[in-house]
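The values are calculated or read from the model by the stated rules, or taken from the named source; none is laboratory data. Note that the coordinates shown come from a computational prediction; the quantities given were computed from them, not determined experimentally. In this analysis, Cβ positions are derived from the backbone assuming ideal geometry, glycine residues included, and neighbour counts consider all displayed protein chains. Each accessible area value is taken on the protein alone, full model and side chains, heavy atoms only, with ligands, DNA and RNA left out. Shrake-Rupley method; radii C 1.70, N 1.55, O 1.52, S 1.80 Å.
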Amino acid sequence: MEFDAIVIGAGQAGPPLAVRLAGSGRKTALIERKLLGGTCVNVGCIPTKTLIASARAAHVARNASEYGVVVLGETRVDMARVKARKDAVVRESIEGLRTWFAKTPNLTVIYGHARFEGPKRLRVNDRTLEAPDIFLDVGARAAARGIEGLDSVQYFDNSSMMDVDFLPEHLLIVGGSYIGLEFAQMYRRFGSRVTVIEMGPRLIGREDEDVSAEVHAILEREGIEFKLGSKCLRVSRDRTGVRVRNSCEKGDEEVTGSHLLIATGRIPNTSDLGLAEAGVATDERGFITVDDELRTNVPGIWALGEANGRGAFTHTSYNDYEIVAANLLDGDKRRVSDRIAIYALFIDPPLGRVGMSEAEVRKSGRKALVAKMPMKRVGRARERGETQGFMKVLVDEESKHFLGAALLGIEGDEVIHSIADLMYARAPYTVMQRAVHVHPTVSELVPTLLGKLEPLK
Ligand SMILES: Cc1cc2nc3c(=O)[nH]c(=O)nc-3n(C[C@H](O)[C@H](O)[C@H](O)COP(=O)(O)OP(=O)(O)OC[C@H]3O[C@@H](n4cnc5c(N)ncnc54)[C@H](O)[C@@H]3O)c2cc1C
């Protein structure tokens, strides 16, 4: 079968791109081997944030008395109903995609695994498909790394966790980074005992030490247990579940639990794509090599989303779609290098992050200003009784442009965008310092925070 364009992967970049290509009059195929919506919709952002909402409801109910609200009896979580609610939200998103595709002329959705047979030719099931332009949005999957004995035990990853409709008695989570910590707080709030086992010396090692320490303290206050510096892990079956042993550095240390979740990182879905047949280059970790406009080394083949190694988020995948569509269809030159790093860790309270960390600013050697304020100073946080965390901003001393920010506290995942927008506008921080913000909000205190800027020592 011949098409004008083929898109592989119905994750975050694939669907909007396929619809745009079809809308431009190109006969387009969208190939998906598993589930419409890919990681984010089925086993990533949407289901986890839906589960986090249930966990927060339980947390609020348990702490209702602090607000003068009387909840009679013990707060219990019905995990089957929690899962059913999550499934319904996911189903709605998938249905939305299905309807969208069905009403798009020129678009054919094909289910099956795609594999290159040549630079312009793919095999899907028993069919050969050809197109002059091919777009890869094949995403990534969980990688269980650096742990001995995994073959001998049953364990969950972020995908299989989505089928859980019961309360694990004691959940062991290997991996103290973004995915692991979101699951940790969620299951602790559902009622499980939770132990996080992290190989590094601290949680979310990519963040500044003060951010990492405060996240640790927030989670510890909720009763989550931590084993840090667990570098030499070996897992085995135990009479009551699973045993994780760390046998280097600190001497032998072990913890047993009822269930095990591995959250140790992700690898791109590129090893079974036949990239060599098409001559498409990857880096040593399997990510597809792309230029600033997301073209691979082979003319007529682009790579978008997590598999190109230029971002590991839904918003970066979607932005990849915007970049390719703008360059190809709108004559609007957009580039990946124009993108500013932004993301959130959705524990409660969340961490909103943009731009450089303090450590990165220091490493860059530039002259910078820094300001930090505890959330206890924020009226909105005190009124809500949620004062954990802090806000930290970094600006360039000379240009007065924001360099980065870490907002760890309520609404930090929303407020971060006002800083990001000024960064995109290349406006100095003084614009925000003089702006009038609504009282009483978290945003209101950001201009006050900016008034505290002082040289980064
Ligand atoms: C637990 C968890 C929570 C997350 N939370 C967030 C969050 O809150 N915010 C955020 O921004 N990001 C979050 N992410 C990351 C986000 O889900 C991903 O970055 C995003 O889904 C990547 O989109 P993508 O289009 O690159 O790939 P995917 O969404 O993975 O889509 C790739 C698609 O390609 C298909 N495919 C692969 N190979 C082939 C082939 N050969 N033939 C046919 N089809 C193929 C796959 O089946 C898949 O459907 C989370 C991830 C996880 C795991």
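Here are some notes:
- Principal axis dimensions, segment 341-457 - Cα atoms, whole angstrom, descending: 39, 28, 26
- Relative pair counts by distance (%), Cα atoms of segment 66-143, 10 Å bins: 12, 23, 27, 15, 10, 7, 4
- Of all DSSP beta bridges confined to the chain, the antiparallel ones make up roughly 60%.
- Reachable lysines, given that their alpha-carbon falls under 21 Å from the alpha-carbon of Lys49 and they are not under 8 places away in the same chain: Lys83, Lys86
- The chain - percent relative contact order, Cα under 8 Å, separation 6 or more: 13 percent
- Calculated P(r) of segment 114-183 - Cα pairs past 14 Å, %: 73 percent
- Fraction of accessible area attributable to carbon and sulfur, segment 1-103 (%, probe 1.4 Å): 55 percent
- For the chain: Kirkwood Rh in Å [reciprocal of mean 1/r, alpha carbons]: 24.0 Å
- HN-Hα J in Hz across segment 139-146 - Karplus 6.51, -1.76, 1.60, θ = phi - 60°, x for Gly and Pro: x, 9, 9, 5, 10, 8, 10, x
- Taking label positions 7 Å along the Cα-Cβ direction at both Glu277 and Val436, the computed distance is 6.5 nm, reported to one decimal.
- Taking a Cβ cut-off of under 13 Å around Ile173, the surrounding Lys, Arg, Asp and Glu residues balance to a net charge of -1, with basic ones at +1 and acidic ones at -1.
- Modelled label positions at Ser399 and Glu383, each set 7 Å beyond Cα in the direction of Cβ, lie 3.6 nm from each other.
- Relative contact order (%) - segment 99-186, alpha-carbon pairs under 8 angstrom, separation at least six: 11 percent
- When a 1.4 Å probe is rolled over the protein heavy atoms, the share of accessible surface on segment 223-273 that falls to carbon and sulfur comes to 43 percent.
- Entry comment: accessible area of the chain is 46 Å² per residue, from protein heavy atoms only and a probe of 1.4 Å.
- Segment 271-286 residues near the modelled Glu117 label - backbone nitrogen below 18 Å, point 7 Å along Cα→Cβ: 272-280
- Inter-part distance where segment 278-324 and segment 1-65 are each reduced to a Cα centre, Å: 18 Å
- Measuring nothing but protein heavy atoms, the accessible surface of segment 281-411 at 1.4 Å probe radius is 49 percent carbon and sulfur.
- For segment 194-242 versus segment 362-439, the gap between their alpha-carbon centres in whole angstrom: 28 Å
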